[in-house]
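A.B. asks: This is the structure I want to talk about, given as C-alpha cells.
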Amino acid sequence: MAPSSEHPTFEIPGKLNLLLLAGAAVSAALCLWLASHADNWPTAVLAALVFSYVNNTLFSLMHEAAHRKFHDDVALNEAGGRIASAFFPTSFALQRVFHEAHHQNNRTVVERFDYYASHENRFLKYAQWYCILTGLYWIAAPAFSAIYMVFANIVDWNRLFSRGNRFARQTSAEPFLDSLKRVDVFAARRDAAFSILVQAGLIIGLGLTWSGWFLCYAFFAVNWSSLQYADHAFSPLDQTEGAWNLKFNPIARVLFLNYNLHLNHHRSPGTPWLHLSKLTRSNDAEHSFWKIYLRMWKGPQPLPASGDEPTARS
C-alpha cells in the first residue's frame, strides 16, 4: 500500500541514531561512574540528574528500534534496540510486544489511569497513579524481565487472572500478559540475559557502588515515569488522538528525541523521531508539560459523564 499524504514515508536517520546510541551509552556510563566515585553528594546528585536525561535518550532510541525505525538494516536495528534496552534495563523483545499492546489499547478502559469510573476500585487507581508519578512504575520493567527469563515456560501467564478480572483490567495487566502470546520466548530470554550481563559489566568494570547506581536509576525512574503518562494524561479518550504534543525546552526536546511530540507519534507510529515535528497540524495545541504534570499530582479524576471509551483494536 502506498503511503498516504497524511502519513508520508520519511528516511530513517540510521547513522545519526548509531552516533546517538554510542554517545548516550558512554555518557550514561560516565555518569554512573561519577555518581559512584564522587567525593561529595552535590557532585553525585548532579551526575544522577544528567544520567536521568541521557538514559532517556537511550530509552527513546529503544522506542525507535521497537517500531523498527532505529536503522534500515534489520540486524543493526535489533542490535541497537538490545543495547539501548540494556541501559533501561529490560528485555528488548518484551518491550516491543508491550509497546505494541500500548498502541492497541491506548485510552481504552484498560489504559486510562487518569480517570476512574464508579465501578472501579479507587484505592487501586490512586496507588497505581502515584507509583507512576514517584517512579516506582519503572521497577516493573526490569523486574518482570528477570522473572520472565526464569519462568517463561513454567507459568501460564494468561491464567494468572481470570478473564475480566477487575485488578487485571484496571492495571492493564490483562492485555499486557495477553501480548506475551506474540513474543519469541528465546528472544525474550536472550535479551533479558544480555541486559543483565551489560549491567553486571558496568558495575564490575567501572567499580560502581550500589549507592551510586541506585541514585542514578532513582533519578531516571522519576524523570522517565513522569513523562510516560504526562503525554497522555487527561487527553481525549481516543486511541489515536489520545495523546499530547508537549512543550519542552529545546535541550530536553533534543535529549528526549522529540518524545514530547507524542500525539504526532500516535498518529503515525512509523515516522522516525527526527521528522515528527513535520506532522504537527496547524490547529494542534502544544500543551505545557509542567501544567499537565502538576495537575497529575492532584490524582485521578472522575470519568467524564460524556466520555465514551474506545474499544481496543485487535
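The values are calculated or read from the model by the stated rules, or taken from the named source; none is laboratory data. As the structure is a prediction and not an experimental result, all values here were calculated from the model. Note: ideal-geometry Cβ built from the backbone for every residue, glycine included; neighbour counts use all protein chains shown.
A.B. asks: Of Thr280, Thr271, which residue is touching a residue at least 40 places away in the same chain (Cβ under 8 Å) and farther than 27 Å from Thr134 by Cβ? Don't jump to the end; show me each part of the working.
C.D. replies: Details: Thr280 fails: touching a residue at least 40 places away in the same chain (Cβ under 8 Å).
Unique residue meeting the criteria: Thr271.
A.B. asks: Restricting attention to region 104-150, report how many residues are among the polar types (S, T, N, Q) and within 23 Å of Ala305 (Cα to Cα). Explain how you work it out, then say what you get.
C.D. replies: Applying the first criterion (among the polar types (S, T, N, Q)) to region 104-150 yields 104-106, 108, 118, 121, 128, 134, 145.
So of that shortlist, the ones also within 23 Å of Ala305 (Cα to Cα) come out as 105-106, 108, 118, 121, 128.
So the count comes out to 6.
A.B. asks: Only one of Tyr259, Tyr229, Tyr293 is within 22 Å of Leu133 (Cα to Cα) and in a loop (DSSP other than H, G, I, E, B). Can you tell me which?
C.D. replies: Checking each option against the conditions leaves just Tyr259.
A.B. asks: I'm checking my understanding of the structure. Among residues of region 157-199 that are assigned to a loop (DSSP other than H, G, I, E, B) and among the small types (Gly, Ala, Ser), which one is modelled with the lowest pLDDT?
C.D. replies: The qualifying residue modelled with the lowest pLDDT is Ser162.
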